[in-house]
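No lab work stands behind these numbers, since they all come straight from the coordinates. All figures in this text were calculated on a predicted structure; none of them were measured in a lab. Cβ atoms come from the backbone with ideal geometry, glycine included; neighbour counts cover every protein chain shown.
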Amino acid sequence: MASSEKYLQFILEQLSELEDITYRRMMGEFIIYYKGKIIGGIYDDRLLIKPVKSAISYVKTASYELPYEGAKEMLLIDEVDNKEFLKGLFDTMYDELPQPKPKNKNK
């Protein structure tokens, strides 16, 4: 089941207090970027984030779910109605997220 545009818009509104939130559609789902780094995504209308140490400690009851068959587990975020929680979570995680890989430039 693909994620809905309506759910994406809801999550983007919940993240509106953060600067530089972008997304990219990928196979019916949405990858979420924060300041250019992949922080997680929307899969089957669920917000899943990378399970970095800071996120695991920030989320009181961490629940792991697969975004899709064959993928690594990610943290399911249930508190999507709480803008302050999401802002704190994303800010806490940012420094621990890997830098984006440089793009290959074919000449």
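Starting from the Cα gyration tensor of the range 50-99, take the square roots of the eigenvalues, sort them a ≥ b ≥ c, and report rounded, prolate or oblate (rounded when a/c is under 1.5, otherwise prolate if a/b is larger than b/c, else oblate). Oblate. Pairs of Lys residues in the range 5-94, spaced 8 or more positions apart or belonging to different chains, with C-alpha separations under 17 angstrom: 12 in total.
Kindly state, to the nearest 0.05, the FRET efficiency for Asn104 paired with Glu5, given R0 = 30 Å and r defined as their beta-carbon distance. Once rounded, the FRET efficiency stands at 0.45.
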